[in-house]
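Q: Have a look at this one.
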Amino acid sequence: MDTPAAAPKIRFRDTQIEMAHGAGGKASRRLIEGLFAPILFGSSQEPLGDAALLSINGTRLAITADSFVVSPLSFPGGSIGELAVNGTVNDLAVSGARAETLVVTYVLEAGLPTEILEREVRAMGRAARAAGVTIAGGDTKVVEHGKADRMYITTAGVGSLIPGVQCSTRSARPGDVVLLSGPIGDHGITILLARGELDLEADLCSDTRPVLPLVEALAREAAQGLRWMRDPTRGGVATALNEFARDCDLSVFLEEDKVPVRETVRGACELLGLDPLHIANEGQFLAVVAPEYADRALEALRRAPGGQGARIIGEVREQPACTVVAATPYGGNRIVDMLVGDPLPRIC
Amino acid sequence: MKYVDEFREPELIARTSEEIRRLADPGRHYRFMEVCGGHTHAIYRFGLKDLLPPNIELVHGPGCPVCVLPMGRIDDGLSMAASGDVIFTAFGDMMRVPGTSGSPLEHKARGADIRIVYSPADALKLAKANPDRQVMFFAIGFETTAPSTALTLMRAKAEGVRNFSVFSNHVTIIPAIRAILDSPDMRLDAFIGPGHVSTVIGCRPYEWIARQEGKPIVVSGFEPLDVLQSTAMLLAQLQRGEAKVENQYRRVVPWEGNRAALKAMAEVFTLRSYFEWRGMGFISQSALALNDAYADWDAERRFKVPGIRVTDPKAAQCGEVLKGVLKPAQCKLFGNECTPERPIGALMVSSEGSCAAYYQYEHRKSPLVSIPA
């Protein structure tokens with residue numbers, strides 16, 4: 001019989017939970033790697049992805065879960081219900097899986113108008129149909145007024161693997177190219193403006209959408225060259241690429257002027273001192289592709305509906321390891337670090 | 001983006017960078033201080049150091065208001081928030097600045113009512129919306145932000161909003177520059193003058209730097225082309241053997257400053273006889289307090305403030321970095337005990353702090369972290 005394992009060593013030393021631990025940046029990573037992983041996931045050395053891949057009686061599946069606490073509940077281009085479906089569908093898609101079914105949990109604050117709940121449930125129904133996924137069941141809890149902010153939604157999803165796709169940061173090599181599916185920062189800036197705390201207005205919508213059709217288009221043309229995918233949600237492109245660089249012990253070299261950013265997002269970021277690379281997205285994804293597949297992959301994305309904005313934004317290099325470097329358009333270089341702190345809380 | 005893209009035009013930037021190389025004497029080492037933290041941020045953010053020849057050294061100055069605030073003042077502000085009926089308001093920059101018992105953000109996580117506002121007017125709005133609570137605004141900044149604090153106080157007085165108060169930590173730039181020039185370990189050739197402060201005070205207050213100290217100063221904008229052009233203007237002055245005040249940021253900075261803003265400041269503030277600056281000690285007549293006419297809105301008079309002086313952690317060399325004597329990476333704590341995530345000094349917190357800018361944009365570019373002095 002096995003001897004009982006020693007209690008795993010915890011490296012998370014923060015004495016209390018703060019908003020930054022949920023912001024998707026460095027503090028989140030520390031919490032997951034320092035507390036959750038050692039206790040819950042044991043000694044697995046697999047880099048942490050957006051979904052877990054399982055094999056049940058020989059059938060390979062992907063599974064993931066995501067919670068949504070966005071404030072305000074609805075905003076230009078979407079609402080919490082739509083995010084809750086698309087977010088989980090996208091986590092599965094960038095893990096190389098097609099979402100098959102979701103289960104959903106609602107935490108509701110007493111006093112929430114039924115009208116709002118119904119609106120969000122309908123939004124979920126529409127989003128599920130659009131993404132081609134069923135909702136198989138769920139659970140509802142209600143807490144006292146003042147103990148939650150209107151409603152929180154958690155969705156968990158199971159997906160079947162897209163044939164031919166086998167992503168792993170271990171397969172990344174210097175020379176691989178980095179693809180981005182379209183303009184960044186729309187979601188985060190939309191939410192920031194929708195809160196009405198700033199006297200700023202802009203004609204801008206959240207980019208929330210399922211990225212599955214784009215991932216499938218990419219897989220059809222370049223599955224064998226696909227090394228890694230990620231949807232850059234909280235923490236933005238900068239955080240996603242830093243995690244990639246760390247997991248594969250390589251460097252990512254970005255060309256700043258190749259990263260697509262809408263004028264309105266760029267303007268808002270300039271005014272507020274934010275970096276678009278740190279702003280959340282809900283309908284874009286990053287892919288790292290072997291160089292010989294780069295042109296085909298980009299072509300496939302651009303031909304797919306909603307993929308016209310796709311660009312090659314950089315490449316994988318050997319040095320400086322575990323680091324993202326951006327070439328500014330002026331001939332200088334800068335480091336692109338992960339998000340520190342939490343400039344925009346509760347964006348999803 | 002208008003007024004931005006013109007100043008980020010790669011070809012013009014390349015040309016200015018060449019001009020700098022032409023003007024710089026290869027046999028000479030230049031030390032230019034950019035006074036303002038906004039410039040420090042721009043220099044790292046746009047990778048401008050890569051565009052300068054190696055014999056031009058940019059020395060980061062004290063113009064980051066969050067960075068020069070001594071820890072005791074943060075503790076004083078937070079002590080007001082400890083009482084349950086006070087709403088503590090401040091700019092986002094302040095939120096992660098460590099006090100002795102944690103940052104405002106940590107106090108917020110423990111239950112204190114601490115809120116980010118984007119302007120003092122928002123804090124006043126909050127006071128009007130919460131008439132049964134006290135709303136305190138933690139005011140911080142050089143002459144750049146002092147006028148908006150002043151105007152808000154004038155409005156609070158005019159409208160009789162009694163539950164609003166201001167904890168003034170406003171400081172003035174000229175005494176800080178004087179303290180740096182008086183510092184014996186400081187060898188500087190010229191200054192890149194602060195842009196935003198100068199929109200308020202204008203360019204005249206710098207004339208003594210040129211006349212008495214013999215150092216050229218160019219008031220500069222914050223875009224890549226601005227900073228490079230200002231550098232070229234400084235080199236041209238040095239080449240001609242001149243020392244004068246020049247205004248590169250003419251599209252924003254009037255030579256005489258902004259009279260209306262200065263008037264509002266004069267209406268509300270009085271000079272403190274001295275004020276403590278982190279790392280630089282007490283500097284006389286370097287900070288603003290509310291004057292007697294605004295005593296009723298002065299948080300320091302309304303609340304009991306402990307006023308304790310807190311010494312910085314011994315190993316932290318914030319003072320040396322603030323004065324430009326050390327580069328961020330030369331501090332013993334840089335990147336080890338002190339990171340943007342777990343800052344020990346405010347220089348590692350504010351986006352205008354040289355340590356944060358250096359850490360975020362620069363320090364892992366090459367495997368060599370330490371820079372020779």
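The values are calculated or read from the model by the stated rules, or taken from the named source; none is laboratory data. Small disclaimer: the values here were computed from a predicted structure and weren't measured. Counting neighbours? That spans all protein chains shown, and the Cβs are built from the backbone with ideal geometry, glycine included.
Q: Of the numbered conditions (1) farther than 16 Å from A:VAL316 by Cβ; (2) in contact with a Ser or Thr (Cβ under 6 Å, 6 or more places away or on another chain), A:SER251 fails exactly one; give the number of that condition.
A: Just one mismatch for A:SER251, condition (1).
Q: Against the condition under 30 Å from B:ILE56 (Cβ atoms), assigned to a helix (DSSP H, G or I), in contact with a strand residue (DSSP E or B) (Cβ under 6 Å, 6 or more places away or on another chain) and in contact (Cβ under 8 Å) with a residue 60 or more places away in the chain, how does B:ALA179 come out, does it pass? Give the steps one after another, and end with the answer.
A: Values: under 30 Å from B:ILE56 (Cβ atoms): yes; assigned to a helix (DSSP H, G or I): yes; in contact with a strand residue (DSSP E or B) (Cβ under 6 Å, 6 or more places away or on another chain): yes; in contact (Cβ under 8 Å) with a residue 60 or more places away in the chain: yes.
When the stated conditions are applied, B:ALA179 passes them.
Q: Has region B:102-124 got at least one residue that is at pLDDT below 95, closer than 30 Å to B:LYS263 by Cβ, in contact with an Asp or Glu (Cβ under 6 Å, 6 or more places away or on another chain) and not charged (D, E, K, R)?
A: No, region B:102-124 has no match at all.
Q: Yes or no: A:ARG303 within 14 Å of chain B (Cβ to nearest Cβ) and of a type in the set (Lys, Arg)?
A: For A:ARG303, the condition - within 14 Å of chain B (Cβ to nearest Cβ) and of a type in the set (Lys, Arg) - is not met.
Okay, residues lined up against (1) touching a Lys or Arg at 6+ places or on another chain (Cβ under 6 Å); (2) away from every other protein chain (no Cβ under 14 Å); (3) crowded, with 19+ Cβ neighbours inside 10 Å; (4) not polar (S, T, N, Q):
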site	(1), (2), (3), (4)
B:GLU11	no, no, no, yes
B:GLY27	no, yes, no, yes
B:PHE32	no, yes, yes, yes
B:VAL35	no, yes, yes, yes
B:ALA42	no, no, yes, yes
B:ARG45	no, no, yes, yes
B:VAL66	no, no, yes, yes
B:VAL86	no, yes, yes, yes
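Q: Right, another one. Kindly indicate the residue of region A:320-339 that is over 25 Å from B:THR16 (Cβ atoms) and in a strand (DSSP E or B) and also nearest to the other protein chains (Cβ to nearest Cβ) among those meeting that condition.
A: Per the stated criteria, the residue is A:THR323.
Q: Across region A:306-319, which residue is nearest to A:GLU243 (Cα to Cα) among those that are surrounded by fewer than 23 Cβ atoms within 10 Å (Cβ to Cβ) and more than 14 Å from chain B (Cβ to nearest Cβ)?
A: So the first thing to find is which residues in region A:306-319 are surrounded by fewer than 23 Cβ atoms within 10 Å (Cβ to Cβ), and the list is A:306-309, A:311-312, A:315, A:317-319.
Right, trim to more than 14 Å from chain B (Cβ to nearest Cβ) and you get A:306-309, A:311-312, A:315.
Details: A:GLY306: 26, A:GLY307: 24, A:GLN308: 26, A:GLY309: 24, A:ARG311: 20, A:ILE312: 19, A:GLU315: 15 Å.
Checking each candidate, the answer is A:GLU315.
Q: Given the residues A:SER79, A:SER55, A:SER95, which is the only one that is closer than 20 Å to A:ILE189 by Cα and not hydrophobic (A, V, I, L, M, F, W, C)?
A: When all the criteria are applied, what remains is A:SER79.
Q: Quick one: B:GLY141 ticks every box in (1) of a type outside the set (Asp, Glu); (2) in contact with a Ser or Thr (Cβ under 9 Å, 6 or more places away or on another chain); (3) surrounded by 24 or more Cβ atoms within 10 Å (Cβ to Cβ); (4) under 16 Å from B:ALA90 (Cα atoms) bar one, so which box is it?
A: So the condition that B:GLY141 fails would be (3).
Q: While we're on this one: Tell me which residues, restricted to region B:199-243, are over 27 Å from B:MET265 (Cβ atoms), surrounded by fewer than 23 Cβ atoms within 10 Å (Cβ to Cβ), modelled with pLDDT of 95 or more and touching a helix residue (DSSP H, G or I) at 6+ places or on another chain (Cβ under 8 Å).
A: B:GLN229, B:ALA232, B:ALA236, B:GLN239, B:ALA243
Q: Here is a follow-up. Is it the case that B:PRO306 is outside any helix (DSSP H, G or I) and in contact with a Phe, Trp or Tyr (Cβ under 7 Å, 6 or more places away or on another chain)?
A: no
Q: Turning to a different aspect of this structure: Would you mind stating whether B:PRO372 is exposed (fewer than 13 other Cβ atoms within 10 Å of the Cβ), modelled with pLDDT under 85 and more than 14 Å from chain A (Cβ to nearest Cβ)? Full working, then the answer.
A: On the way: exposed (fewer than 13 other Cβ atoms within 10 Å of the Cβ): yes; modelled with pLDDT under 85: yes; more than 14 Å from chain A (Cβ to nearest Cβ): yes.
Yes, satisfied.
Q: Filter region B:259-276 down to residues that are within 20 Å of the chain's Cα centre (by Cα) and more than 20 Å from B:PRO175 (Cβ to Cβ), then give me how many there are.
A: Total satisfying the criteria: 0.
Q: Next question. Can you pull out the helices (runs of 4 or more DSSP H) entirely within region A:163-274 that have at least 2 residues that are more than 14 Å from every other protein chain (Cβ to nearest Cβ) and out of contact with any helix residue (DSSP H, G or I) (no Cβ under 6 Å at 6 or more places or on another chain)? Step through it out loud before you land on a result.
A: On the way: elements: A:186-194, A:212-222, A:236-248, A:263-272.
Output list reads A:186-194, A:212-222, A:236-248.
Q: Just to be sure before I move on: is B:GLY92 at positive phi and within 14 Å of chain A (Cβ to nearest Cβ) in the structure I sent?
A: Spelling it out, it is not the case that B:GLY92 is at positive phi and within 14 Å of chain A (Cβ to nearest Cβ).
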